[in-house]
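Heads up, the thing below is written out as structure tokens.
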Amino acid sequence: MKAVILAAGKGTRMRELTDELPKPMLRVQGKPILEHILAGILAAGIREIFIVTGWRGEVIENHFGDGKKWNARIAFGRQPVPDGTGKAPELAKAFVGDSPFLLTYGDILVPPETYPQMLRRFNEGDFTGVITVTRGEDVTKGGLNFFDEQFCLKRLVEKPSPEHLEQLRRDGWLKPGAPVWYNAGIYIFRPSLFPFTARLQKSPRGEYELTDAISAMIAAGQKLAGLEVPGRWVDVRDPETLARLEQEN
């Protein structure tokens, strides 16, 4: 198992905080966000890691180097144009080779036990991958996921509008009292992901969306296992979230 971290974005919602630093290098409790993520991945026994950089990429590359300080092998690839999460993993294609890989966005903080739980879930069956979810988030800002009785992904709806949510209720997809599963932004994939990212078209917002590739995988009969993130999930999306994390013990 290898790992790929998507850390190319500037993080415009962080305003002046990311004028000189890429968002994943902003500090939480004295360490960059990216270092917290790396520690969790390493604790799960994954030692080969590829980081996709972009805005101020040299800051990330200089901080982590070749990974020897962390007893890991770290490689980098620059995403020259910030055109979405769908194409970014392709920079790691040669690095991944024929290995399955954990894929995470570079601004998501989860309990460290999330990563070994993902590996265990992946090994429970003949899965193409694992998709993590959390509850209690505003699904109009991310992906809404639906699962079957074995908690395998049936459908993914990206950033549904309030009107779309109402339609999903009428159609029986959203049931009263049932959990509403929000895409947590951490995955495991086999390299069979790449034929689907290769065929991506830009979404209405002008980006290649990883969730479009996932939807195409489901349509092609690929089996993606679901896993709820154990405990707290944080998308470090804005200065307010960053400040709240700093105030915690």
- With charges set only on the Cβ (+1 for Lys and Arg, -1 for Asp and Glu), what does the dipole of the chain come to about its Cα centre, in debye to the nearest 20? 280
- Task: Mind checking which of Ala94, Gly231, Ala75 is farthest towards the positive end of the chain's charge dipole, using Cβ charges of +1 (Lys, Arg) and -1 (Asp, Glu) about the Cα centre?
- Result: Ala94
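Hey, what's the Cα Rg ratio for region 70-162 versus the globular rule of thumb, 2.2 N^0.38 Å?
Normalised Cα radius of gyration, region 70-162: 1.26.
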- Item | Other-chain or far-sequence residues with amide H under 5 Å of Phe50's (modelled H) | Ala3, Val4, Ile5, Ala75
- Task: Please give every one of the lysines within straight-line cross-link reach of Lys175, meaning a C-alpha to C-alpha distance under 30 Å, and leave out same-chain neighbours fewer than 8 residues apart.
- Result: Lys141, Lys154, Lys159, Lys223
- What does the highest-first list of 183-189, 161-167 look like by mean Cβ count within 10 Å? 183-189, 161-167
- Calculate how many DSSP beta bridges within the chain are antiparallel, expressed in % of all such bridges and rounded to the nearest 5. 50
- Message: Report, to one decimal in Å, the Kirkwood hydrodynamic radius for region 108-249 based on all distinct Cα pairs.
- Response: 16.3
- Task: List the residues whose amide H sits under 5 Å from the amide H of Glu228, counting only those 5 or more places along or on another chain, with H placed 1.01 Å from N in the peptide plane.
- Result: Val133
- Item | Set of lysines with alpha-carbon distance to Lys69 below 24 Å, sequence-local pairs under 8 removed | Lys2, Lys23, Lys31
- Theoretical ellipticity at 222 nm over the chain - DSSP helices of four or more residues, -39500 (n - 2.57) apiece, nearest 500: -7000 deg cm²/dmol
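I'm a student and want to see the number: the projected area of the Cα convex hull of region 2-247, averaged over all directions, in nm². Walk me through the intermediate numbers first.
Details: hull surface 53.4 nm².
Average projection, Cα convex hull of region 2-247: 13.4 nm².
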- Taking H as built 1.01 Å from N, whose amide H comes closer than 5 Å to the amide H of Gln79, not counting residues under 5 places away? Thr53, Gly54
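Read-outs throughout are calculated quantities, based only on the coordinates presented, and are distinct from any laboratory measurement. All values derive from a computational prediction rather than experimental measurement. Cβ: placed from backbone, ideal geometry, glycine included. Neighbour counts: every protein chain shown.
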